[in-house]
Amino acid sequence: MSKSLKILSTISLLAFASGAFAQDTQPAAGTETPAAGSTDSPAADTEKPDLRQPASESNPLGLQEGQTVVDENAPGTVYVKEKVGDWEIRCTRVPEGEKEPCLIYQLLRDTENNAPVAEITMFALPEGQKAAAGATIITPLETLLTRQLTLAVDGGPTKRYPFTWCSANGCYARIGFSNADVASFKRGAKATITIVPVVAPTKEIKLPVSLTGFTKAYDTVKELNTHE
């Protein structure tokens, strides 16, 4: 899956269970706020570090060991080849002479506060396989797995899919779509994925999947994976 796969799991799901709480940051009544640059501020004496002090007991000279520079164009890295409508065509770099595998990707946001919650990727499978297309949907770790996830296109028939496994990045559902399923995506306007959070087992989270640009993106990736 893509590198951006750090889902706002706890924050997003707790928002549905308990709502967002705003913190009052205004000073208490009767409390004066020190003017900018005032020497009466308790922090005034700590604004400038004492350079005579060692960086730490284990590194008294403050020596820097440096960090490894990552080549963003190295084989195995993922990049956005093209954006089509609300979909991204993402490809994985490979050694010279090999064919880059590509797929289509969309970040999914909840309908209540527009927070990023899940991801979906999809790609066409070779002819002769049981499914016409493969997809991976990744949801937060706090997803109630026993409720699985459901998907419907434009209010049509709803299908239920199980989760396959969970990792530190989230919970994965690996899905096979038939030719009829792909056709419904191509002619549809919006799909809806529904998941249930552990913290609120009676609450359903609706995640809209825009199908704007789906046909062109899907067919482009199918062509890239077949002939490039």
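The values are calculated or read from the model by the stated rules, or taken from the named source; none is laboratory data. Given the structure is predicted, the values throughout are model-derived calculations rather than measurements. Here the Cβ positions follow ideal geometry from the backbone for every residue, glycine too, while neighbour counts run over all protein chains shown. Note: accessible area is taken over every heavy atom of the protein model, side chains too, but ligands, DNA and RNA are not part of it. Shrake-Rupley method; radii C 1.70, N 1.55, O 1.52, S 1.80 Å.
Of note:
- Scanning region 111-123 for residues that are open to solvent by less than 20 Å² (accessible area, probe 1.4 Å) and under 22 Å from Glu100 (Cα atoms) yields Glu119, Ile120, Thr121, Met122.
- Residue-level analysis places Ala191 outside the set of residues that are closer than 16 Å to Val80 by Cα, open to solvent by less than 10 Å² (accessible area, probe 1.4 Å), in contact (Cβ under 8 Å) with a residue 12 or more places away in the chain and of a type in the set (A, V, I, L, M).
- Sole exception among (1) surrounded by fewer than 16 Cβ atoms within 10 Å (Cβ to Cβ); (2) touching a residue at least 12 places away in the same chain (Cβ under 8 Å); (3) over 20 Å from the mean Cα position of the chain (by Cα) for Asp181, by number: (1)
- Just so you know, in region 71-87 the residues that are under 24 Å from Leu211 (Cα atoms) and out of contact with any Lys or Arg (no Cβ under 8 Å at 6 or more places or on another chain) include one that is most open to solvent (accessible area, probe 1.4 Å), and it is Lys83.
- Residue that is buried (at least 17 other Cβ atoms within 10 Å of the Cβ), among the hydroxyl-bearing types (Ser, Thr, Tyr) and either over 20 Å from Tyr105 (Cβ atoms) or at pLDDT 95 or above (or both), where the choices are Thr143, Thr202, Thr158, Thr164: Thr143
- Consider region 169-178 and keep the residues that are more than 18 Å from Lys130 (Cα to Cα) and modelled with pLDDT of 95 or more. The one that is nearest to the chain's Cα centre (by Cα) is Gly170.
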